[in-house]
1. Specify whether the C-alpha gyration tensor of the stretch 91-140 places it in the rounded, prolate or oblate class, a ≥ b ≥ c being the square roots of the eigenvalues: rounded for a/c under 1.5, otherwise prolate if a/b is larger than b/c and oblate if not.
2. For the chain, rounded, prolate or oblate, judged on the Cα gyration tensor with a ≥ b ≥ c (square roots of eigenvalues), a/c < 1.5 rounded, else prolate if a/b > b/c?
3. So how do Tyr204, Tyr170 line up by other beta-carbon neighbours within 10 Å, fewest first?
4. First check a/c for the stretch 164-277, with a ≥ b ≥ c the square roots of the eigenvalues of its C-alpha gyration tensor; if it is under 1.5, answer rounded, and if not, answer prolate when a/b is larger than b/c or oblate otherwise.
5. How would you order 106-114, 308-316, 348-356 from highest to lowest mean count of nearby Cβ atoms within 10 Å?
6. Using helices alone, what [θ] at 222 nm do you get for the chain, with -39,500 (n - 2.57) per DSSP H run of 4 or more residues, divided over all residues and rounded to the nearest 500?
7. In Å and from the alpha-carbon atoms only, list the Rg and Dmax of the stretch 69-200.
8. What is the angle, in °, between the Cα long axis of helix 166-179 and the longest principal axis of the Cα atoms in the chain? Nearest 10 is fine, range 0 to 90.
Amino acid sequence: MRKHRYALGATFASLAIVLLAACQGNTGSSGSQSGGATSNLKIGLVTDVGTLDDHNFNQYSWEGAKAGAQAVGAAAPHSVVTTQSADYAKNINSFVSKNYNIIVTVGFALGSDTTKAAKANPNIKFIGVDQGICVDANGNPDSTFACKGDAATLLPNYQGLVFKEQQPGYLAGVVAASISKSGHIAAIGGTATVPAVPNYMIGYLNGAKSVKSDIKVELKYVSAAPDAKAFNDPAGGKAAADQLLSQNPDIDVLFQVAGKTGNGVLQSACDHNIHAIGVDVDQWVSTPDTKACTVVSAEKKLTKAVSDAIQRVNDKKDKGGTITLDITTDSVGLSPFHDSQSMITPDIQAKIDAAVKGLKDGTIKACVETPFGSCDNKNGQPPA
């Protein structure tokens, strides 16, 4: 039987999906943070399936678009929220047809349509978040992942931002193994078909094993496809986690890698009085309903990445092709521990610090082969 460790002030309510299908005007400062400079750039952002306020990938990329616009003195950006994957191309074209200068598209699943749009519109700058660019010799999307075309040359107007998710995943695994009392931990991902998800999870497994070689690690996926079930279904995520925990009652740390679906995974962890680890953003801040059991989050610094990419365009320093962001560029890592800081003993902190150092200098490989496979190095994802 689990001992009660967390007192939650409210029960979890599944978040309603807000269906927005048109460009949304957004208020906010369009002034510059860079010495009063101004820019005429028109910036638009297309989300992945879900909502703009998903407390995760879409939202923090959107914050980056706003921050980037403000930094260069451009007008506040506009957004189109995607409600179904069939609308990716249409939503991108809604900005193309209005002569936007920069179009940000959020998520791996938009990569193919972003590639096509970048090739067809060489005078528009595209920023693809979580999109390694894989093209054939003619600059078309390469579904075989042979990637024989040089994306930097063929699509100089398209920055594909990718992150070494295995690195923050590894650090999360170090934390999980260090705080686990039972020696049995788990991670639940949205789908294995989006490389970022298994990257995080394989890194998590390897990080945990670096602390306790005999630790048991369960890796489970919610969906076979990159759909709403995988990333936009909190109730489904909670049900999947509830089932896993009922089958493995000694699991005492649970890592979510499933976007908004994963918010339900966090809720399940809280309901079962175990430790939770968030993903992509600092979920202690972004998902307050579950902060009582969220020890830490494995972060991508999405806001910084998008803002920096916009500023490169404004400064005419942007280059096409896949841009790899990792721990050496301060683009991934662990969030603050907030209320859980007291759990992190000097010994645990020393393990984290050693892992960070090893990941930075290359002596630690977060993405080595495991019984669950290895990280996906296709579609522009770099090896660990």
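1. Oblate is the answer for the stretch 91-140, as a/c is 1.5 or above yet b/c matches or exceeds a/b.
2. prolate
3. So the residues, fewest neighbours to most, are Tyr170, Tyr204.
4. oblate
5. Highest mean packing first, the order is 106-114, 308-316, 348-356.
6. For the chain, the value works out to -10500 deg cm²/dmol.
7. My reading of the Cα-based Rg and Dmax gives 18.0, 57 Å.
8. 20
Quick note: the coordinates plus some simple rules give every number you see, no bench work behind them. Only a predicted model underlies this, so the values are computations on that prediction, with no experimental measurement involved. Glycine gets a Cβ as well: all are built from the backbone with ideal geometry, and neighbour counts include every protein chain shown.
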